[in-house]
Amino acid sequence: MQLTTTLRRGAALAALAAITGSAALAGTASAATFEKGPVLAPGATIPVDFPGYREPGDKKLKGGYRIVEVRAALARDERATTTITAPKGFKLVTLAFDHASQLGARTENVYVGKRSVRLTLFADRNRVAAGAQGHGTIYALARRGGF
């Protein structure tokens, strides 16, 4: 049986499309996940020690403050970007990670006094095994009004 040039070209094109399509899907799949948690209101227990913020003795959040919680997971050698935003009418004071966090982060800009911050997250190679995912919770302390 002899195949025509048009039929062979079409079959080759279909095979090439299938290979590049599956490679594109595998290459763009990201292991990073971000899950926004509850916004803690006044009276809630403060979950972490925030740098630059003196917690009250009873560890309860004072009026005029909110804590935004974001849970993140990403692969060991992955870098992911996320934006953390304070509730409307609030400005960011400081950020903190939970004590068992396997993640680190950096920011390009000064965020104190702004409503949102863009973070580049990465897994701590000393705490996350090769091929595993690092997990952590990011807490953002926000205060009502201006500074």
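Numbers below:
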item: Subset of region 35-65 (residues that are open to solvent by 60 Å² or more (accessible area, probe 1.4 Å), more than 13 Å from Y139 (Cα to Cα) and either modelled with pLDDT under 90 or within 18 Å of the chain's Cα centre (by Cα) (or both)); result: G52, R54, G57
item: Selected residue (criterion: most open to solvent (accessible area, probe 1.4 Å)) from residues of region 89-114 that are part of a loop (DSSP other than H, G, I, E, B) and within 19 Å of F34 (Cα to Cα); result: H99
item: Filter result (assigned to a strand (DSSP E or B) and open to solvent by 70 Å² or more (accessible area, probe 1.4 Å)) within region 115-147; result: R118, Q133, H135, R143, R144
item: Of the criteria (1) of a type in the set (F, W, Y); (2) in contact (Cβ under 8 Å) with a residue 60 or more places away in the chain; (3) not in a loop (DSSP other than H, G, I, E, B), which one Y53 fails; result: (3)
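The values are calculated or read from the model by the stated rules, or taken from the named source; none is laboratory data. This structure is a prediction, so every number in the text was calculated from the model and none was measured. FYI the Cβ positions are ideal-geometry reconstructions off the backbone, even for glycines, and counts take in every protein chain you see. Just so you know, the surface numbers come from the protein's heavy atoms only, side chains and all, with ligands and any DNA or RNA stripped out. Shrake-Rupley method; radii C 1.70, N 1.55, O 1.52, S 1.80 Å.
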